[in-house]
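The values are calculated or read from the model by the stated rules, or taken from the named source; none is laboratory data. Just so we're clear, the structure is a prediction, and the values are computed from it rather than from any experiment. Note that we place each Cβ from the backbone using ideal geometry, even for glycine, and neighbour counts take in every protein chain shown.
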Amino acid sequence: MSDFKSKCRDSSGFTLVEIAIVMVIIGLLVGGVLKGQEMIKNAKVKRIVKIADEMRAAVYTYQDRFGYLPGDDPLATTHTGDGAVRDGNGNGHIDAAEDEHLFEHLATVGLISGSASIYAGGDFPAHPLGGTYYIQYLTRDGKSSNWIVYSDIPVPEARSIDASLDDGTYNSGSIRADGNYNSNDNTRTIYIDL
């Protein structure tokens, strides 16, 4: 009988302490993964803000050098020394027909990376959250401006960008969106004033 009792004692399951330790380890791992995902998302939002700053710097550097906005430059072939780039109309607005020229002009004079031929097909660069970005003259909620336009921004990130850099309201200030920030399951196009 004592052999049976010792075998039962030796083959007993996990103790409550062992189970608690395993649960704590699993909780720490899950928490670490979730925190890591949040950090990655925050880094992507910061990169979008940095792209806007870089675009402003490149656009205004081009304008300082040549007297016209890139894309809108009516003498771009002369200014860039590249007969393949297309001229703009010089009206001070980066119109819908000129938004892809902007990247050609900036790349040709070395203000952004890549070659002008990459942008000649009308493909806009991708941003870290999966959509594209470009600059275009538009009227958003009563304000006409050359805007840096980001497509397909998830609503929480769009709200975060607006709240951290502007007033957090989708239809006022220097950052605007194409809709309200109340929905968490859609994307927004956001407009950052150039």
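Here are the numbers for the structure shown:
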quantity: Subset of the range 52-99 [crowded, with 17+ Cβ neighbours inside 10 Å and part of a helix (DSSP H, G or I)]; calculated: Ala52, Met55, Ala58, Val59, Tyr62, Phe66, Ala76, His79, Thr80, Asp99
quantity: So Ile148, is it assigned to a strand (DSSP E or B) and of a type outside the set (Ser, Thr, Tyr); calculated: yes
quantity: Enumeration of residues in the range 167-186 that are within 16 Å of the chain's Cα centre (by Cα) and either on the phi > 0 side of the Ramachandran plot or at pLDDT 90 or above (or both); calculated: Ile175, Arg176, Ala177, Asp178
quantity: Failed condition for Asp99, given (1) more than 18 Å from Ala52 (Cα to Cα); (2) touching a Phe, Trp or Tyr at 6+ places or on another chain (Cβ under 6 Å); (3) modelled with pLDDT under 90; calculated: (1)
quantity: Options Tyr119, Tyr191, Tyr134; residue that is buried (at least 18 other Cβ atoms within 10 Å of the Cβ), at negative phi and modelled with pLDDT under 90; calculated: Tyr119
quantity: Ala163 vs. criteria in contact with a Lys or Arg (Cβ under 7 Å, 6 or more places away or on another chain), of a type in the set (A, V, I, L, M), outside any loop (DSSP other than H, G, I, E, B) and under 19 Å from Lys46 (Cα atoms); calculated: no
